[in-house]
Amino acid sequence: MAVRIEKGDRVTLRYQVYSEASLVDSSPNPITIVIGEGRFLKPVEEALVGKEEGEKVTVWVAPEDHHGRYDPKKLKLIPAEKLPPQARVGETVLVQDEWGVLHPAKLRRRDASLAVVDLNHPLAGKYLRFEIEILKVEREGAEDIGGEA
């Protein structure tokens, strides 16, 4: 009988993450997480509790649980000369803040003197779909618990 995943278990898995129909991340090699440790998105860890080795799980993650809602206040108007001359609308550019720190931003508009850049994370405001395959489950103090009990 397979053992169900509990908080504290080590779970080895593969995953793919989609935003709308586009693949945005995946694990080419299996990864191992400890459920409840908080090193993976909390809604994903919570969705794995009660599942078993060999199961495939789909988890939807709301924007608030990854990069937040889209914030229109993160659209900034800057002088066009602060951007590389070859930068095109739709590309990611580096924008320097008042402390000299560079931030990636999407170039939204540009004319001869001004540019609009978007400092929101590209996944802000989007729901993510995680497709997960549970490969192995281990409980501390026990041998591999994914097989025979």
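Each reported figure results from applying straightforward, stated rules to the coordinates on display, with no laboratory input. Worth saying up front: this structure is predicted, and the values here are computed from it rather than measured. Cβ coordinates were reconstructed from backbone atoms using ideal geometry, including for glycine residues, and neighbour counts include every protein chain displayed.
Maximal additional length on extending the TRP60-HIS103 stretch stands at 12.7 nm, based on 0.36 nm per residue less the C-alpha distance. Overall, the ratio between the Cα radius of gyration of the stretch 89-132 and 2.2 N^0.38 Å, rounded to two decimals, is 1.47.
Only lysines eight or more places from LYS126 in sequence, or on another chain, were considered; those with a Cα closer than 19 Å are LYS42, LYS73, LYS74, LYS106.
When ASP65, ASP111, ASP118 are sorted by how many other C-beta atoms sit within 10 angstrom of their C-beta, beginning with the fewest, the order is ASP111, ASP65, ASP118.
Here, the stretch 42-96 is characterised by an Rg to Rh ratio of 1.26, where Rg is the alpha-carbon radius of gyration and Rh the Kirkwood radius. Which residue, GLN86, VAL24, TYR70, has the largest displacement toward the positive end of the dipole of the stretch 1-122 when charges sit on each Cβ (Lys, Arg +1; Asp, Glu -1)? Result: GLN86. Computed over the alpha-carbon pairs of the stretch 1-78, the distance histogram in 10 Å steps reads 15, 44, 26, 11, 4, 1, 0 percent, short to long. Semi-axes of the equivalent ellipsoid for the chain, computed as √(5λ) from the eigenvalues of its C-alpha gyration tensor and ordered from largest down, come to 43, 14, 13 Å. In terms of overall dimensions, the stretch 1-43 has a Cα radius of gyration and Dmax of 12.4, 37 angstrom.
Ellipticity at 222 nm from helices only: DSSP H runs of n ≥ 4 in the chain, each -39500 (n - 2.57), divided by the residue count, give -1000 deg cm²/dmol.
Let me have the relative contact order for the stretch 1-113, percent, based on Cα pairs under 8 Å that are six or more residues apart. Contact order relative to length: 18 percent. Were the residues from GLN16 through GLU140 laid out at 0.36 nm apart, the gain over their Cα-Cα distance would be 42.0 nm.
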